[in-house]
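Structure, as structure tokens:
What follows draws every value from the coordinates through simple rules; no lab data is involved. Computed from a predicted model, the values in this text were never measured in an experiment. Backbone-built Cβ (ideal geometry, glycine too); neighbour counts: all protein chains shown.
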């Protein structure tokens, strides 16, 4: 792992339906862009077009290789119903070695450098 780039990250987005969250999770796993995807029901408060909103949403957190962030973000954008989806990368500074080894194996693709 280079000092500049962490090896793994958590990428999160929010989406309006549980079915949409599950479709997104399955697509990211099938593409091996995520090792694990977790879905949480949440209530979001935000300002959109000068109006304060409060909506039920689903937080989707994906554990992924940091090098796959751009492809993962593109996959989220392509599948997302929002005009401006939340797509946030949180770098993992450290983690249990056995878990991170599993995550590396789960996201291994022929086209990905290990």
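Exposure proxy for 44, 62: other Cβ atoms within 10 Å of each Cβ, ordered fewest to most, give 44, 62. What angle do you read, to the nearest 10 degrees and between 0 and 90, between the alpha-carbon axis of helix 18-30 and the longest principal axis of the chain? Between helix and principal axis, roughly 20 degrees. Rounded to the nearest 10 degrees, the angle from helix 97-106 to the longest Cα principal axis of the chain is 80 degrees. Between residue 89 and residue 29, the simple label model (points 7 Å from Cα in the Cβ direction) yields a spacing of 2.4 nm. Over all pairs of different C-alpha atoms in the stretch 28-114, the reciprocal of the mean inverse distance, the Kirkwood hydrodynamic radius, equals 14.7 Å. Residue exposure proxy: 65, 109, ordered by other Cβ atoms within 10 angstrom of their Cβ from fewest to most, comes out as 109, 65. Counting every other Cβ atom within 10 Å of each residue's Cβ, 50, 89 order from fewest to most as 50, 89.
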